[in-house]
Amino acid sequence: MVVALTGSPALAGIGTSILGASRFMVGYPFGKLTDAIGRRPGLALAVGVGLLGSLLTGLAMMRHSFPLFLGGLMVFGLGMGAAQQIRLAAAEMFPVRRRAEGIGIVLTGSLVGALLAPLVVRVAQGTAPGMGVDVLALPWLLVPLALCPALLSLLFVRPDPKAIASHLERYWPEEKPPAPAPHSGAGGGFLDYLRRYPTLVAFVCSLSAQGNMAMVMALTSLALNHHGHSPSAISLSVSIHVVGMFGFSLPLGRLADRIGRRAVLALGMVIAGVGSALVPLSPHYWVITTGTFLVGLGWSFVNVGATALIADVVHPGERGRAIGANDTFSNAMGIVLPVAMGVAIASLGLGVLGLVGVVMMVPALLLTLRLRDSHSETLPAPAGGSDHKG
């Protein structure tokens, strides 16, 4: 799209950068908003903003307007970044013993969307010429076909997930009320969450997994192309990576409820580290693809485990901020690391990719192993902010 609008590949990466930057910007403020107005209206607003952004992006392609394209992508990224709070809404509708399972159900839906999206693009490419619409514009104009039902579905969610979380015993009578998580007197913030050991662990694990995945996915195509693999083979490798990211979310959620958040987070760190080490290890296609799959699977372990851990130890009145802070923290690494690694690979070769990927997992793994985890329910830190370490 950038090349079509500018005539040059020099800015080809700007679209991805804008999407990443917008998700970085929106995480914490949107979480604070959902803490104030509730998850349901907040998510409806997020979907509405994403819908507007998709239409603006499609219109930009029809009018061949590069500034409008940049603005549309920014709006779309803000909406879709804010919509990541859907996993918190799912966690809040389930009791502690099934909380990660709820997260897994929602994330499994992401796999369906990821698999259907290429089909929609293919259909749009086949029908656009006959409709007199730019072939690059029509897929964006079809996005409302997915977002409008999502918006309608949100209107039927009652009561608000935040209200369910505040009174779980009303909706799950057999559930023993969990120990109340502390409410930060300061209203929650980055420094407050970093002072609490469980949220610190969740943040560092998410940062490591997200940074590792962004780094590997930005450079896997380079690795495959470097070893002479075709574009179709590269596309298949990316699809297998996406299956790793979302395809096992539901069983992983149940696993996190059964064996605890600490074990799932630790497994995620190990799996992601092994995957990143495999990518530059061999020129063979299936070795590289197995590596990218494991990176996605490790990220899935961490995404489910960290979200559940945050929901376990943070008061319902500030969980939106905590999840938003986690997303902002992790997306920062996802923006910086791919660029830095591109420069490093140009100087030192592909091997540095695996080395950095493994090294990134070590601090997170060590922090995780010190986390005190009482089976499926991690004990909340007391209001004073003291650690819970084993």
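The values are calculated or read from the model by the stated rules, or taken from the named source; none is laboratory data. The structure presented is a predicted model; accordingly, all values stated were derived computationally and were not measured. Ideal geometry is used to build each Cβ from the backbone, glycine not excepted, and the neighbour counts take in all protein chains shown. The area values use the complete protein model at the heavy-atom level, side chains included, leaving out ligands, DNA and RNA. Shrake-Rupley method; radii C 1.70, N 1.55, O 1.52, S 1.80 Å.
Starting from residues that are open to solvent by 40 Å² or more (accessible area, probe 1.4 Å) and among the aliphatic types (A, V, I, L, M), keep the ones in segment 72-113 and report whichever is farthest from L52 (Cα to Cα).
M93
May I ask you to say which residue of I323, I310, I335, I345 is in contact (Cβ under 8 Å) with a residue 40 or more places away in the chain, open to solvent by 30 Å² or more (accessible area, probe 1.4 Å), part of a helix (DSSP H, G or I) and of a type in the set (V, I, T)?
I335
Please specify each residue of segment 62-83 satisfying the condition of being out of contact with any helix residue (DSSP H, G or I) (no Cβ under 6 Å at 6 or more places or on another chain) and either under 24 Å from V302 (Cβ atoms) or free of Cβ contacts under 8 Å to residues at least 40 places away in the same chain (or both).
Hits for segment 62-83 are R63, P67, G71.
Of the residues in segment 253-275, how many are open to solvent by 10 Å² or more (accessible area, probe 1.4 Å) and either touching a strand residue (DSSP E or B) at 6+ places or on another chain (Cβ under 8 Å) or outside any helix (DSSP H, G or I) (or both)?
Of the residues in segment 253-275, 1 are open to solvent by 10 Å² or more (accessible area, probe 1.4 Å) and either touching a strand residue (DSSP E or B) at 6+ places or on another chain (Cβ under 8 Å) or outside any helix (DSSP H, G or I) (or both).
In contact (Cβ under 8 Å) with a residue 40 or more places away in the chain, in a helix (DSSP H, G or I) and surrounded by fewer than 16 Cβ atoms within 10 Å (Cβ to Cβ) - does that describe any residue in segment 245-252?
There is at least one residue in segment 245-252 that is in contact (Cβ under 8 Å) with a residue 40 or more places away in the chain, in a helix (DSSP H, G or I) and surrounded by fewer than 16 Cβ atoms within 10 Å (Cβ to Cβ).
For the condition under 20 Å from G81 (Cβ atoms) and either touching a helix residue (DSSP H, G or I) at 6+ places or on another chain (Cβ under 8 Å) or of a type in the set (S, T, Y) (or both), what is the one hit in V264, V295, V304?
V304
Does segment 132-142 contain any residue that is touching a helix residue (DSSP H, G or I) at 6+ places or on another chain (Cβ under 7 Å), under 24 Å from V47 (Cα atoms) and acidic (D, E)?
No; the residues of segment 132-142 include none that is touching a helix residue (DSSP H, G or I) at 6+ places or on another chain (Cβ under 7 Å), under 24 Å from V47 (Cα atoms) and acidic (D, E).
Step by step: first the residues of segment 194-233, then only those that are open to solvent by 50 Å² or more (accessible area, probe 1.4 Å) and modelled with pLDDT of 85 or more, then the one that is nearest to W286 (Cα to Cα). Which residue is that?
L194
Return yes or no: is T6 open to solvent by 50 Å² or more (accessible area, probe 1.4 Å) and of a type in the set (S, T, N, Q)? Working first, answer last.
Details: open to solvent by 50 Å² or more (accessible area, probe 1.4 Å): yes; of a type in the set (S, T, N, Q): yes.
It is true that T6 is open to solvent by 50 Å² or more (accessible area, probe 1.4 Å) and of a type in the set (S, T, N, Q).
Just give me the residues in segment 140-152 being open to solvent by less than 70 Å² (accessible area, probe 1.4 Å) and without any contact (Cβ under 8 Å) to a residue 40 or more places away in the chain, in sequence order. It would help to see each step written out before you state the result.
Taking segment 140-152 first, the residues open to solvent by less than 70 Å² (accessible area, probe 1.4 Å) are 140-144, 146-151.
L142, A146, P149 - these are the residues of segment 140-152 that are open to solvent by less than 70 Å² (accessible area, probe 1.4 Å) and without any contact (Cβ under 8 Å) to a residue 40 or more places away in the chain.
Is it fair to say L59 is more than 30 Å from V313 (Cβ to Cβ) and in contact (Cβ under 8 Å) with a residue 60 or more places away in the chain?
Values: more than 30 Å from V313 (Cβ to Cβ): yes; in contact (Cβ under 8 Å) with a residue 60 or more places away in the chain: yes.
Judged against the criteria, L59 is a match.
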